[in-house]
Amino acid sequence: MRGWLRVQSFTDPPQRLFEWKRWQLQSGAVLKLLEVRPLGNKDGGSGWIARLEGVDEREGASRLTGQMLLVDRDELPATSGREHYRADLVGFEAKNVEGALLGVIDHFVDTPGNVVMVIKGVREYLVPVSSQHLRSVDPVARAIVVDWPEDF
């Protein structure tokens, strides 16, 4: 209504998305965040709505449906410890703890239960991103080790 957009955040925590006031959309449009409000309870458990500069009516907002928000890499906070940005892991070679090559990380899928990495090789593997399954990441070698059977 009146140009407000429903927003789904994939940041951790979800509110971090709203720290960036300049939003670049995958279409190339650059818009300024003016205001954000939680839906439902005050922690945004039901999602968020946002008002962007220049989007003042329903038709303008509907043209932005499905757009992904892009953030310049230098605006992202540094990672530490076992934190990694998903985009950095795409293309990494994936072996299991037994040393079998499973393939290469192709992309990630957000599911209701967790995030899943899609590893493509001779076959496709869907491996949950968790400390139980993602055992190590070697950024220099561009490789990961997962606790996942080759024949699963």
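Here, each number is a calculation from the coordinates, and none is a lab measurement. On a predicted model such as this, the values are computed, not experimentally measured, just so you know. So basically every Cβ, Gly included, is an ideal-geometry build from the backbone, and we count neighbours across all protein chains shown.
What to note about this one:
- The chain, dipole about Cα centre (Lys/Arg Cβ +1, Asp/Glu Cβ -1), debye to the nearest 20: 540
- Taking the helices alone, the chain has a mean residue ellipticity at 222 nm of -1000 deg cm²/dmol, built from -39,500 (n - 2.57) per DSSP H run of at least 4 residues and averaged over all its residues.
- Amide H contacts of LEU70 (H built 1.01 Å from N, under 5 Å, at least 5 apart or other chain): GLN24, LEU25, GLN26
- When the chymotrypsin sites (Phe, Trp or Tyr not before Pro) in the range 17-109 are filtered for DSSP coil states and for at most 14 other beta-carbon atoms within 10 Å of their beta-carbon, the remaining sites are TYR85.
- Value of Rg to Rh for the range 6-152 (Rh from inverse mean 1/r over Cα pairs, i.e. Kirkwood): 1.05
- Total lysine pairs whose alpha carbons fall under 23 Å of each other in the chain (8 or more apart, or interchain): 4
- FRET efficiency for ASP56 and ASP110, using Cβ-Cβ distance with R0 set to 35 Å, rounded to 0.05: 0.70
- Per-residue 3J(HN,Hα) values for the range 77-94, derived from phi via the Karplus relation 6.51 cos²θ - 1.76 cosθ + 1.60 with θ = phi - 60°, read x, 5, 8, 8, x, 8, 8, 8, 7, 3, 4, 5, 8, 4, x, 5, 6, 10 Hz in sequence order (x marks Gly and Pro).
- Here's the picture: a label point sits 7 Å out from the Cα of LEU126 along the beta-carbon direction, and within the range 83-110 the residues with their amide nitrogen under 18 Å of it are 103-110.
- Along the chain, longest interval not containing exposed GluC sites (Glu not before Pro), exposed being DSSP loop plus at most 15 other Cβ atoms within 10 Å: 1-52
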